[in-house]
Amino acid sequence: MTTLDAANHLYEWFSNHDSFTVADVPKIILVSDQKEIDSAAFLSAINEYVKLEIVDPIICQDRTYWILKKPLSSFIQNVRLSPETAKEIAAVIGVICERIQDSTDLCDAKNITEKDILNLVFVCKHMANSDDSDASA
């Protein structure tokens, strides 16, 4: 397991929990043949969360807890897009809008919004789900 894998698991964990301890790793990774390495990956990832000031490490009764500073949903991320990436996002959404014959969600390449990214995610999820149903048919 990489630190990135563990960080993504922690993001999912903190979506439903306010704290984390190393004892929680088996609840997150149900099957592991490298428990010590997985725990180390989680420690590395949680240290990144500390540096980003998302959690505070607190020692209580000889156990370290990492406590969310505020609900995870209140941390806003800023993303910078190159003009080429923005153009491609707008193009993909444009093709989808054209295909479904609904221009409501057309986006402006010079002003990509969170809604545009959510639309792109929705399209990707739809494609992934239809691939799953195609494979099982």
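A short reminder: the numbers here are calculations on the coordinates, not readings from a lab. These numbers come from a predicted model, not from an experiment. As a convention, Cβ positions derive from the backbone with ideal geometry for all residues, glycine included, and neighbour counts pool all protein chains shown.
I need to check one value: relative contact order of the chain, counting alpha carbon pairs closer than 8 Å and at least 6 residues apart, in percent.
Numbers: 108 pairs, mean separation 25.1, N = 137.
Across the chain, relative contact order equals 18 percent.
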Using R₀ = 25 Å, calculate the FRET efficiency as 1/(1 + (r/R₀)^6) where r is the Cβ-Cβ separation of Ser74 and Asn8; round to 0.05.
0.85
If each Cα of the chain is one equal point scatterer, what is log10 of I(q)/I(0) from the Debye formula at q = 0.10 Å⁻¹?
-0.53
Counting other C-beta atoms within 10 Å, which of His126, His9 has the fewest, and how do the rest follow?
His126, His9
Tell me, what ³J(HN,Hα) does each residue in segment 59-67 have, in order and in whole Hz, if you take phi through Karplus 6.51 cos²θ - 1.76 cosθ + 1.60 with θ = phi - 60° and put x for Gly and Pro?
9, 9, 6, 6, 10, 8, 10, 10, 10
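In whole percent, what relative contact order does segment 83-136 give with Cα contacts below 8 Å and a gap of six or more residues? Walk me through the numbers before you get to the answer.
Working: 34 pairs, mean separation 18.7, N = 54.
It comes to 35 percent, rounded to a whole number.
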Projecting the Cα atoms of Ile93, Cys107, Ser74 onto the charge dipole of segment 57-137, where Lys and Arg contribute +1 and Asp and Glu -1 at Cβ, the residue farthest towards the positive end is Ser74
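Treat the count of other C-beta atoms within 10 Å as a stand-in for reagent exposure and order Ser103, Ser44 from fewest to most.
Numbers: Ser103 9, Ser44 15.
Lowest count first: Ser103, Ser44.
Find how much the distance from Cys60 to Gln34 grows on full extension, using 0.36 nm per residue of separation minus their present alpha carbon separation; answer in nm with one decimal. Can you show the working numbers first?
Details: separation 26, 0.36 × 26 = 9.36 nm, distance 2.72 nm.
That works out to 6.6 nm of additional length.
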Apply the Debye scattering formula to segment 83-136, with a single equal point scatterer on each alpha-carbon and no solvent, then give log10 I(q)/I(0) at q = 0.13, 0.16, 0.27 Å⁻¹.
-0.34, -0.49, -1.04
Over segment 1-69, equivalent-ellipsoid semi-axes from the Cα gyration tensor in Å:
18, 13, 11
Could you put Met127, Met1 in order, starting from the residue whose Cβ has the fewest other Cβ atoms within 10 Å?
Met127, Met1
